[in-house]
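Laboratory data are not the source of any read-out in this text; all were calculated from the coordinates shown. Predicted model only: the values in this text are computed from it and were never measured. A quick note on method: Cβ atoms are made from the backbone with ideal geometry, for glycine too, and the neighbour counts reach across all protein chains shown.
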Amino acid sequence: MDEKYFAKKIEQKWQKIWEETGAFHAEIDDEKPKFYALEMLPYPSGNLHMGHVRNYSAGDALAWYKRLRGFNVLHPIGWDSFGQPAEDAAVKRGVNPRTWTEANIETMRGQLQRLGISYDWRRQMYAHRPDYYKFDQWFFLKMYEMGLAYKKMTQVNWCSTDQATLSNEQASGGICWRCGNSVTKKDLEQWFLKTTAYTDRLLDDMAEIEDGWPASVIKRQQDWMGRSYGAYVDFEIKASGETLFVCPIVDGITSSTDVGKDRVRIFTTRIDTIYGANAIVLAAEHPVIQANMDNFAEEVAAKIAFIRTENAKPADHEAEIEKDGIDTGLKAINPFSHEELPVWVGNYVMMNYGTGAVMSVPAHDQRDFEFAKKFGLPIRQVISEPHMEHAHHTMQALALEQAFPDYGVLVHSDYWNGKTSEQAKVEMTEYAEKHKFGEGATTYRLRDWGISRQRFWGSPIPIVYCDRCGTVPEKFEDLPVELPETAPFTGTGESPLAKVPEFYETTCPKCDGPARRETDTMDTFVDSSWYYYRYTDAENEILPFDPAMAAYWTPVDQYIGGDDHAVMHLIYARFWTKVMYDLGLVPFAEPFKRLLTQGMVVGETFFYESGGKRAYIPPAEVTVERDGKGRILSAKSKDGLHLKYAIERMSKSKGNGVDPDEMVEIYGADAARLFILFAAPIDNELVWNEAGIEGGVRFLQRVWRLAVKWQAALAVPLAARSSVLDDGIVVAGNAKKLRQKTHQTIKRIGDSFESLQFNTPVAALMELSNAIGDFGIDPGNATEADVFAVREALTALTLMLTPFAPHTAEELYSVLVGNENGIIANGARFPEYSEELARADEIEFPVQVNGKLRSRIVTAPETSNEDLEKLALADAKVREFTDGKEIVKIIIVPKRLVNIVVA
RNA sequence: GCUGGGGUGGCGGAAUUGGUAGACGCCCAGGACUUAAAAUCCUGUGUCCUUAGGGACGUACGGGUUCGAUUCCCGUCCCCAGCACCA
């Protein structure tokens with residue numbers, strides 16, 4: 001053992017040993033309980049960033065902890081290696097996406113290895129390699145067979161200048177992110193997966209996992225899927241005096257929108273308020289409106305067109321949009337009251353939710369209320385507060401200052417008067433069903449998952465178009481449909497694959513005639529929907545994985561990753577698992593038992609604004625003036641420019657990133673990992689500050705020096721001694737106190753891991769090492785009991801340090817145990833704590849007078865209440881506050897405190 | 001606006017769910033060692049008052065419950081995140 005702590009030396013040494021001994025190779029073992037620790041797989045952009053380091057340090061700490069607890073741990077990693085940046089690199093720099101991707105993976109794997117994360121490297125999966133994406137295609141065909149994959153016409157964001165389809169983000173603000181010209185909508189046939197067929201299960205199965213998932217993620221998924229219970233109601237439509245024009249069935253709209261040529265279907269969650277309807281309001285894009293456009297008065301048509309254009313513009317989330325609309329002149333008949341209502345178009349009714357049509361009940365819906373106020377429509381209250389008299393309601397409604405959306409008792413509703421909202425909702429829905437003008441209905445916000453991408457760097461969709469047979473799925477045995485070596489990359493137009501005849505020219509799997517392949521590729525969320533199953537059987541060529549292997553390892557016991565994947569990725573993965581359940585591949589429907597979302601790693605950024613965009617200056621090139629509290633007063637660039645500053649997510653483009661390699665080079669992997677977990681609770685945002693990491697190094701050096709100091713005294717190998725002291729050796733004084741601290745710490749750290757806290761156990765380790773440092777007895781004068789206590793403390797410290805600083809721990813452990821086989825091969829376990837030893841034989845009782853701390857008495861924790869009372873009352877400092885006063889009562893909390901109440 | 005999570009020293013953060021607020025670390029100051037520096041070690045470090053012993057105040061703010069509140073209840077303010085006319 002070196003006198004000094006050389007991080008790099010021991011890190012390289014143990015990384016080599018781990019690799020040579022296959023220390024982290026996981027194999028099925030029915031003797032041991034399994035634990036599947038999973039972190040979200042990285043996109044191989046070229047470099048690891050500190051967010052990755054945080055994520056993987058936490059996952060690795062947990063994996064090590066579970067190993068030490070005797071679990072058979074699966075801890076794998078892979079590469080989310082399909083996606084746009086590879087293709088952008090091809091467009092910009094002419095590099096082949098495959099070459100670019102493989103090189104990046106190589107770099108990042110090296111970085112992860114230098115951090116010493118304990119992965120089973122044999123199990124890596126690479127989304128972009130045919131042996132993996134073959135099974136993206138396999139799943140697609142299965143879903144096609146199940147009727148879950150289908151093709152339909154939809155609108156996409158389209159930039160006509162660039163001839164490119166854009167994602168919503170790329171079309172943000174209604175302008176193309178690349179060329180700045182305005183974006184239009186374009187119809188395109190796209191493949192969809194029927195996530196909506198699973199919405200109820202996605203929502204209902206949350207009951208299974210809600211204890212193990214952050215409440216915020218559960219909530220966001222619920223909001224995202226947006227289930228609401230209500231009813232459809234059909235209103236007959238009349239064109240006042242004229243014939244009504246036929247309303248065509250338009251694709252892309254809930255099929256239930258169009259129930260007939262002369263009816264319009266609305267969705268409501270409040271059918272009980274239907275007698276209060278004053279109008280039917282349709283979205284400007286509603287098919288009934290579209291069909292009658294030519295028929296409307298000029299100003300009506302103009303207004304509708306205007307609203308439609310406004311709707312197409314990107315929404316400004318800051319401003320509240322004012323209600324707008326126009327009476328179309330059409331009339332609708334309320335099927336309950338038979339009242340004739342005007343049909344309006346309103347800008348607040350959205351075509352893509354429900355049926356694109358609502359009944360407007362201003363008295364009981366705030367939006368309808370605002371609409372009615374603006375256009376002077378009547379407001380009729382039909383739900384009363386239960387205590388109010390019937391006669392007062394109409395008058396009151398006129399005076400309403402806002403809508404009354406609560407449940408209550410029905411009034412002004414004929415037959416239904418006096419019923420509660422709850423009753424009326426059920427009975428009125430039944431009535432509508434019976435009379436065939438409506439039905440109970442549940443609507444969702446969630447749409448089907450569009451997976452077509454007009455890109456090269458993704459898994460080809462295994463479909464063939466044949467003039468004779470139509471749309472034909474590729475045969476399973478002919479998978480994978482492989483990407484060609486390269487394609488013309490322009491970054492514009494349709495999929496690059498459409499320009500590669502060798503790719504798209506094929507024969508029909510059915511009739512062998514000439515046919516053309518689908519040239520779109522799949523969304524990369526497909527890859528990440530099932531990769532964690534592939535780890536359990538990474539080289540299977542027949543199936544995505546062997547169900548028996550997956551049955552041992554999955555479901556994932558702990559998933560750790562960024563909060564930003566709370567909705568999309570985690571819904572798709574849950575959806576995929578449910579499909580797999582239906583296919584009989586897995587015996588459960590929820591893939592992740594527990595989820596931990598870590599906070600972002602952020603840093604200071606400096607920038608100036610030009611043309612509405614921020615131009616960033618790397619912090620290293622900025623002169624910063626700070627106040628005594630460390631807050632920034634001003635910042636100047638090299639050329640004297642005054643800069644603005646913020647705290648933002650670390651990224652290359654903002655120049656505020658920290659290079660993990662640099663951290664490892666300067667401080668060592670162990671210090672970097674330990675510090676990033678220590679610096680803040682895992683779910684908090686972490687503002688990176690370089691000074692802190694030095695504290696991490698100092699701590700490891702301190703531990704190292706303690707080991708060096710005691711090495712000679714502890715020279716007898718651990719194995720030669722029993723783990724319990726021989727009878728007859730009395731452990732007392734400092735040794736006893738140290739043992740106490742050791743056992744208290746063992747308990748604390750164990751508890752912390754179980755509740756997924758990583759910052760507090762590091763603090764506890766620091767305390768324990770401080771306690772060893774403060775032991776007060778030199779190795780030269782140590783008794784056998786002293787040596788025992790120190791050995792116990794150092795051994796526990798070493799083992800409990802393993803999850804945070806595994807290299808250092810391995811090296812220290814090898815010294816303690818006298819061999820270099822490693823912690824795992826030695827069968828080391830997380831130390832056991834003893835309640836008995838952790839108990840202090842003297843504790844400090846605070847003594848309060850009237851709830852204020854006045855003194856402390858030190859005595860045995862078991863001291864009786866009577867004795868505590870006596871001791872407290874006799875205390876000189878206490879008497880200053882009690883003398884001459886009447887003692888009302890004395891409260892004693894066992895093992896906690898004494899509180900004397902005086903008058 | 002709605003929903004969720006927060007507000008504790010100069011900073012990051014602890015606090016066994018009602019019982020000594022500020023663990024641990026960073027920063028800063030002083031000291032030891034050194035020719036010097038680095039490293040290391042020691043001491044101090046919530047605010048105010050006090051010659052000392054000590055005292056008063058203190059967990060966003062205002063109330064309340066309690067012997068006792070960072071913790072529970074009511075009200076207000078502020079911050080962060082998500083959603084945003086979802087009928």
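Here are some notes:
- Residue pairs, from the table A:K331/A:K434; A:K151/A:K219; A:K142/A:K194, whose Cα atoms sit over 22 Å apart: A:K331/A:K434; A:K151/A:K219
- Of the GluC sites (Glu not before Pro) in the stretch A:815-855, the ones in a loop by DSSP (not H, G, I, E or B) with at most 12 other beta carbons within 10 Å are A:E832, A:E842.
- Shape index of chain A: Rg/Rh, with Rg the Cα radius of gyration and Rh the Kirkwood radius from the inverse mean 1/r over Cα pairs, equals 1.05.
- The phi torsions of the stretch A:472-480, fed into the Karplus equation with coefficients 6.51, -1.76 and 1.60 and a -60° offset, translate into couplings of 10, x, 5, 6, 3, 6, 9, 6, x Hz, rounded to whole numbers, with Gly and Pro shown as x.
- Computed [θ] at 222 nm, helices only, for chain A once each DSSP H run of length n ≥ 4 contributes -39500 (n - 2.57): -10500 deg cm²/dmol
- As an equivalent ellipsoid, the stretch A:854-903 spans semi-axes of 18, 12, 8 angstrom, where each value is the square root of five times an eigenvalue of the C-alpha gyration tensor, largest first.
- The calculated FRET efficiency for the pair A:S160 and A:E3, based on their C-beta separation and a Förster distance of 56 Å, comes to about 0.20.
- Neighbourhood net charge (11 Å Cβ-Cβ; Lys/Arg +1, Asp/Glu -1) for A:P460: -1
- Each of A:K475, A:K636 has some number of other Cβ atoms within 10 Å of its Cβ, and from fewest to most they run A:K475, A:K636.
- Estimated vicinal HN-Hα couplings, Hz - the stretch A:894-901 in sequence order (Karplus 6.51, -1.76, 1.60; Gly, Pro = x): x, 6, 10, 7, 10, 10, 9, 9
- Residue by residue, the stretch A:498-510 carries 3J(HN,Hα) couplings of 6, 9, 10, x, 4, 7, 7, 6, 8, 10, 6, x, 8 Hz when phi is fed to the Karplus relation 6.51 cos²θ - 1.76 cosθ + 1.60 (θ = phi - 60°); x denotes Gly or Pro.
- Student exercise, chain A dipole from Lys, Arg, Asp, Glu Cβ charges, in Debye to nearest 20: 1500 debye
- Total formal charge among the other residues, if their Cβ is under 9 angstrom from that of A:T196, Lys/Arg +1 and Asp/Glu -1: +1
- Each DSSP beta bridge with both residues in chain A is either parallel or antiparallel, and the antiparallel ones are about 80%.
- Inter-part distance where the stretch A:1-57 and the stretch A:647-720 are each reduced to a Cα centre, Å: 15 Å
- Candidates per trypsin sites (Lys or Arg not before Pro) in the stretch A:772-844, loop by DSSP, up to 12 other Cβ within 10 Å: A:R829
- Label point at A:D751 placed 7 Å out along Cα→Cβ; residues across the stretch A:821-860 whose backbone nitrogen lies under 12 Å: none
- Distant-in-sequence amide H partners of A:R445 (H built 1.01 Å from N, under 5 Å): A:G226, A:R227
- The simple Förster model, with R0 at 30 Å and r as the Cβ-Cβ distance, assigns A:A302 and A:T492 a FRET efficiency of 0.25.
- Cut-off 11 Å between beta-carbons: net charge of the residues surrounding A:P42, Lys and Arg +1, Asp and Glu -1: -1
- Amide H contacts of A:V902 (H built 1.01 Å from N, under 5 Å, at least 5 apart or other chain): A:N850, A:V888
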